[in-house]
Amino acid sequence: GRLDSTNVLMPEVVGITSSEVIIYRWQGRQLVPIARAESDPFVRHLHLDVGDVNGSGQAQLFVTAMSSVPEGLKLRNSLRSFVLALRGGKLVRIADGLEYFLRVLTGPGIEAPMLIGQRMGQRVPFDGPIVRLSWIGERYVEDRPLTLPAQVKGLYDFAPLESLGDEILQVAVMPLPDAIRARAITMVRGTLEPLAVAFASVGILTFGRWG
């Protein structure tokens with residue numbers, strides 16, 4: 001979906017650094033930055049997704065981010081994800097402080113982009129159910145868990161191949177290599193590292209079996 005409500009036909013390109021979100025637009029043969037948003041120095045960006053989840057007709061930007069300083073009694077590394085929208089030529093936060101890894105899910109059988117999330121564990125990077133996050137009024141709230149094949153444990157470990165509502169019937173499973181998973185574990189245990197995802201193998205997984 002488009003990021004703004006103008007009649008400009010050239011599509012935007014969105015990118016992130018560890019601390020900035022930048023929107024570019026083609027002007028002639030060059031990509032020119034048209035909007036930026038910067039996070040606090042102690043917040044580090046890990047993942048970016050784009051999609052019109054709240055049905056506004058304009059795509060939102062979903063940034064998974066992590067705080068790397070103590071906050072009261074919380075862990076040194078805590079999720080501080082947020083959502084941006086392009087309004088009046090500026091990136092505006094429409095949701096902040098979301099304690100989830102975020103992903104916009106699309107695929108066969110999914111009628112509209114779906115925001116899903118998963119919390120960070122005490123001893124493992126991803127913990128608990130993968131849930132749908134719904135836009136209610138002016139905020140995102142945790143909705144019901146997705147129905148997934150039992151072998152799917154991580155938010156970024158699969159791609160849907162067949163879906164019916166919130167029930168994901170068949171997925172392509174893309175397990176993280178041991179080296180990458182070990183790096184993500186160090187992030188949970190106190191040393192903040194970028195979340196890296198590499199797909200070493202792909203298999204078709206339905207409920208309880210490889211296809």
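The values are calculated or read from the model by the stated rules, or taken from the named source; none is laboratory data. Computed from a predicted structure; not experimentally measured. Neighbour counts are summed over all protein chains in view; Cβ atoms, including those assigned to glycine, are modelled from backbone coordinates with ideal geometry. What goes into the accessible areas is simple: the full protein's heavy atoms, side chains included, and nothing from ligands, DNA or RNA. Shrake-Rupley method; radii C 1.70, N 1.55, O 1.52, S 1.80 Å.
Kindly report, to the nearest 10 Å², the accessible surface of residue 158 as traced by a 1.4 Å probe over protein heavy atoms only.
It works out to around 0 Å².
So for 81, 134, 18, what's the accessible-area order with a 1.4 Å probe, most first?
Descending accessible area places them as 18, 134, 81.
Just to confirm the filter: which GluC sites (Glu not before Pro) across the stretch 17-71 are DSSP coil and have at most 15 other Cβ within 10 angstrom of their Cβ?
71
Given a 1.4 angstrom probe, I'd like the percentage of the accessible area of the stretch 50-178 that is carbon and sulfur, rounded to a whole number.
So the carbon and sulfur contribution to the accessible surface is 51 percent.
Order the following by accessible area, largest value first: 49, 127. Probe radius 1.4 Å; ligands, DNA and RNA are ignored.
Ranking 49, 127 by accessible area, largest first, yields 127, 49.
How about the stretch 88-172: which trypsin sites (Lys or Arg not before Pro) there are in a DSSP loop, with at most 12 other Cβ atoms within 10 Å of their Cβ?
Those satisfying the criteria are 123.
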